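The values are calculated or read from the model by the stated rules, or taken from the named source; none is laboratory data. Keep in mind the model is a prediction, meaning the values are calculated, not measured. Every residue, glycine as well, gets a Cβ built from its backbone with ideal geometry; the counts of neighbours run over all protein chains shown. In case anyone asks, the SASA skips ligands and DNA or RNA and just uses the protein heavy atoms, side chains included. Shrake-Rupley method; radii C 1.70, N 1.55, O 1.52, S 1.80 Å.
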Amino acid sequence: MQKIIVLFFGISLLAVFHPDVAHSQTPPSPREFLGYELGTHFTPHNKIVEYCKAVAAAVPGKVKLQQYGLTYEGRPLLLVFIASPENLSRLESIRRNNLRLAGVLQDKTAPDEHAPAIVWLSYNVHGNEPSSSEAAMETIYQLVSSDFEKAKEWLKNTVVIIDPCMNPDGRDRYVNWFNDVVGTRPNPDPQSREHREPWPAGRTNHYNFDLNRDWAWQTQTETRQRLKEYNDWLPQVHVDYHEQEYNNPYYFAPAAEPYHDVITPWQREFQVLIGKNNAHYFDRKGWLYFTKEEFDLFYPSYGDTYPLYNGAIGMTFEQGGIGAGLAIQTSDGDTLTLAQRIEHHFTTGLSTVEVASTNADRLIKEFHTYFKEAVEHPGGAFKAYFLRNDSFGDRLERLRGFLSRNGIRWMTVDNGTFTGVDYETGRQMTFHASPGDMVINANQPKSDLLRVMFERQSHISDSVTYDITAWSIPYVYGIQAYGLNEYIPLNAASLNTGSDEMFVHYPHPDTTYALALRWTGMGSARFLSQLLQKGVKVRFAEQPFQSGGSSFDRGTLLITTTGNAALGDNLWPLVRSAATVSDVHLIRLSSGFVDKGADFGSALVHLIHKPRVALLTGGTVSPLDAGEVWHFFEQDLNYPITQLDADDLGRIDLRKYDILVLPNGYYHVLDDKAGSEILHSWVSEGGRLIVMGNTVAQFSKLEWGIHQKTTAKPDKKDDEKDTDGEDYSRLRHYGDRQREEVMNSVPGSIYKVEMDYTHPLAFGYPDHYYTLKQDDNVYEFIKDGGWNVGVIKKDAYVSGFTGNKAREKLKDGLLFGVQDLGRGEVVYMADDPLFRGFWENGKLLFCNSIFLVGQ
């Protein structure tokens with residue numbers, strides 16, 4: 001075994017910043033508190049918390065500790081504020097002044113540009129990238145060390161905010177596993193067990209969500225609580241600490257293209273300043289690093305882009321180390337240790353604070369200018385955005401929550417005539433406002449974030465990008481939108497006055513035959529979930545109907561006393577309670593005899609059976625996709641779900657379940673004839689499979705009835721052949737290999753899907769749906785024994801990057817369908833309607849597959 005050298009970096013690295021430093025600090029060092037040198041063990045999260053508390057108690061004049069929340073598993077989330085005694089004593093006034101500089105806080109006090117720069121350092125957003133939380137402890141310690149004179153100078157004009165661990169649940173999942181499998185000495189052999197995490201690994205949070213993709217969306221409790229604090233401070237500099245594949249050297253700013261065009265020259269310039277200072281220290285140590293590659297600044301929900309779109313200098317720093325444990329032999333024969341990884345992160349942390357302090361005056365001025373420009377000269381194609389109220393649904397209400405969480409100002413309108421570009425058609429339209437419609441003016445502090453989130457079409461400068469390339473909010477929420485060329489004055493807006501229909505929470509037993517609820521959004525689905533769990537019988541209408549002067553569309557829920565006799569006098573209180581919790585409004589109907597359509601006793605009015613739902617997990621199932629489903633059931637829908645291990649499928653009694661969800665992944669059971677027969681028989685006997693993502697491609701190889709569509713190879717053009725018929729198209733340039741790869745790629749683009757809204761899978765939708773395509777998979781139409789509910793036709797592309805070859809393939813095929821199989825059915829969802837928990841308009845589609853299909 002190669003000898004492993006564990007470095008104590010505290011004194012050696014500090015000498016780079018201050019060669020005469022002594023070792024006599026008042027606060028406890030990590031080594032003194034933990035009882036071991038950093039880098040020799042992984043520190044559990046509770047000990048990181050206790051260390052932060054110990055430092056805050058030892059130097060209360062320099063450190064303030066704030067618990068800003070709890071994780072899903074109950075672990076504390078912390079912020080550590082580090083400042084000079086003078087600045088710490090006026091921390092709240094510094095925060096309020098900073099918000100005045102951003103135009104967010106509007107009071108009678110003028111903003112002061114002679115203020116400290118705020119640097120926010122975020123560690124360990126991915127749980128199995130653990131070196132950064134270890135580095136956070138050393139960074140905290142050295143910044144408050146009484147003998148580190150440079151830190152004293154930095155803190156005169158800099159406030160440092162440290163989040164030592166953004167993902168405690170994921171970190172402890174990794175650390176506890178590693179500490180359980182490592183021997184008395186770390187084994188650097190990459191094939192050793194300690195370098196091979198089991199499913200679902202520690203990267204994600206409790207629900208297996210990638211928190212680094214959740215900044216803007218805030219679907220997870222950790223993100224929501226953290227972003228509340230972040231938007232209460234709006235720092236000038238933010239660094240997000242990560243690890244990458246262990247054979248890679250260190251990465252720091254400047255970032256790679258594409259940059260979104262809202263990123264200012266100053267933000268680009270400061271990234272270079274940071275990069276050069278980091279390089280200065282890395283060069284002195286002889287450490288390898290790279291910049292301007294791979295990690296771009298486009299997708300708006302990262303720990304670098306979200307701060308950039310909020311006026312900060314946002315950066316990602318990446319240390320090689322995923323899977324490295326305490327030590328691992330790299331491909332070049334060296335051994336990478338945890339101590340080395342900590343030292344690298346520690347170095348960039350102090351380097352960042354140093355550059356921020358040196359440039360504090362300009363940071364504050366540029367920050368102030370950024371937000372003044374945002375209000376006075378907002379960029380983008382539109383000056384305002386007009387959003388249609390979806391009448392009885394909750395899509396707009398959910399969107400308002402998204403805007404409010406991100407500090408974007410909006411207002412509702414009652415009436416008026418407007419002219420703007422229709423998001424769907426791209427054409428200029430004149431239209432009238434209706435009660436509850438909403439307007440967002442661009443001349444506000446968060447105008448850049450607003451512009452990025454509402455871009456009708458993404459403007460991407462480079463096709464080689466790290467993440468999805470389209471996310472326009474009107475498509476995400478399924479809301480009709482217009483881009484306006486003029487600001488809407490405040491006096492033209494007012495609160496929604498509601499509609500003339502009689503909504504009730506309190507049915508009268510003598511005059512109520514049924515209560516109706518339109519099937520229009522997640523409120524409807526949560527209401528149904530609550531009633532089914534309480535034993536209330538609920539029906540839904542397959543066809544539109546009219547009753548009592550009101551019109552109701554397909555999917556409308558109906559609750560009648562018939563069938564609910566066992567509940568007696570408890571029926572209406574149960575219904576009323578569920579309506580209150582779900583925030584929905586019920587409509588009282590006095591008769592089952594309708595004015596138009598099917599009466600309530602018709603076969604076209606279906607009883608909804610309470611489904612028993614199971615989810616396949618583990619093995620080669622994607623933890624992220626399985627986590628989306630799990631989170632959706634528990635946090636969005638509040639409906640029970642059973643998680644099953646996919647490898648145990650042959651030993652599971654599937655008769656206990658009505659629905660089996662197969663999220664994106666690869667299922668070895670389908671490669672086995674006996675295993676696929678188990679599923680086939682279960683479906684034939686009345687079960688329902690919901691097959692998602694690339695799993696549909698695996699099903700297309702079975703003889704179940706769905707087939708993947710292929711594109712015939714076109715004839716070669718004359719200029720691609722020489723006179724003897726040789727194929728010149730095979731001649732490729734090595735340097736163009738990345739460009740050629742993206743010709744077949746679809747890194748997250750928006751496409752319009754034509755929907756058969758008469759099928760229960762599409763109830764609650766108009767004749768179209770906007771989907772996020774992440775591959776070029778499209779399927780042949782189901783010819784017999786099934787329904788082509790969501791199909792993609794020609795010219796379906798809307799926004800985002802799609803390679804030329806992929807775009808040619810994405811037409812005339814199936815994306816969402818239902819295949820009848822015996823007494824059961826298979827629901828195919830080739831695109832993920834629950835993507836990262838933020839694709840709001842897909843959630844009702846998934847609910848339809850659970851509650852309405854097959855009834």
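See the values below:
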| read-out | value |
| --- | --- |
| The stretch 517-581: relative contact order as a whole-number percent, Cα under 8 Å and 6+ apart | 35 percent |
| Per residue accessible area of the stretch 247-399, 1.4 Å probe, in Å² | 32 Å² |
| Chain lengthening between Asp553 and Arg409 when straightened (0.36 nm per residue, less Cα-Cα) | 48.6 nm |
| Accessible surface of Lys276 - all protein chains present, 1.4 Å probe, nearest 10 Å² | 140 Å² |
| Lys365 - accessible surface, heavy atoms, 1.4 Å probe, Å² rounded to 10 | 100 Å² |
| The stretch 765-855, relative contact order [Cα under 8 Å, separation at least 6], % | 27 percent |
| Those chymotrypsin sites (Phe, Trp or Tyr not before Pro) in the stretch 547-643 that DSSP places in a loop and that have at most 14 other beta carbons within 10 Å | Phe593 |
| Mean Cβ neighbour count within 10 Å, used as a protection proxy, ranking 339-349, 87-97, 293-303 highest first | 339-349, 293-303, 87-97 |
| Heavy-atom accessible area ranking, 1.4 Å probe, most first, across Met755, Met429 | Met429, Met755 |
| Local electrostatic count at Ala279 - Lys and Arg +1, Asp and Glu -1, tallied over other residues with Cβ under 14 Å | +2 |
| Beta bridges by DSSP in the chain, antiparallel share as percent, to the nearest 5 | 65 percent |
| Reachable lysines, given that their alpha-carbon falls under 26 Å from the alpha-carbon of Lys596 and they are not under 8 places away in the same chain | Lys537 |
| Sequence-separation-based contact order of the chain, relative, with Cα cut under 8 Å and 6+ spacing, percent | 10 percent |
| Violating pairs (Cα-Cα greater than 23 angstrom) within the set Lys673/Lys793; Lys709/Lys773; Lys62/Lys156; Lys47/Lys152; Lys108/Lys446; Lys610/Lys656 | Lys673/Lys793; Lys47/Lys152 |
| Degrees, to the nearest 10: 522-533 long Cα axis against longest axis of the chain | 70 degrees |
| Nonlocal amide H pairs with Gly548, under 5 Å, H built at 1.01 Å | Asp595 |
| Ranked by how many other beta carbons lie within 10 Å on average, peptides 637-649, 440-452 from highest | 440-452, 637-649 |
| Local electrostatic count at Leu338 - Lys and Arg +1, Asp and Glu -1, tallied over other residues with Cβ under 11 Å | -3 |
| Test item: Cα-centred dipole of the stretch 33-180, Lys/Arg +1 and Asp/Glu -1 on Cβ, debye | 500 debye |
| Residues in the stretch 359-387 reached by a label modelled at Phe431 [backbone nitrogen below 19 Å; 7 Å Cα→Cβ] | 381-387 |
| In degrees, nearest ten, helix 360-376 long axis to first principal axis of the chain (Cα) | 20 degrees |
| Placed amide H near Trp120: partners under 5 Å, 5+ positions off or other chain | Ile161, Val237, His238, Val239 |
| Carbon + sulfur, % of accessible area of the stretch 263-313 - ligands and nucleic acids excluded, 1.4 Å | 53 percent |
| Cα gyration tensor, the stretch 240-306 - rounded (a/c under 1.5), prolate or oblate | oblate |
| Student exercise, the chain dipole from Lys, Arg, Asp, Glu Cβ charges, in Debye to nearest 20 | 1640 debye |
| Segment Leu702-Leu604, length gained on full extension (0.36 nm per residue, minus Cα span) | 31.9 nm |
| Whole-Hz couplings from phi, Karplus 6.51/-1.76/1.60, listed for the stretch 243-249; x for Gly and Pro | 10, 10, 3, 5, 7, 7, x |
| Built amide H within the under 5 Å cut-off of Asp437, gap 5+ | Asn389, Val413 |
| Within the accessible area of the stretch 514-654 (1.4 Å probe), percent carbon and sulfur | 47 percent |
| On Cα atoms only, tilt of 91-101 relative to the major axis of the chain in degrees | 60 degrees |
| Highest average packing first - 307-315, 48-56, 144-152, Cβ atoms within 10 Å | 307-315, 48-56, 144-152 |
| Solvent accessible area, Å² - Leu810, 1.4 Å probe, full protein context | 10 Å² |
| The stretch 335-475 - Debye-derived log10 I(q)/I(0), Cα point model, q = 0.16 Å⁻¹ | -0.99 |
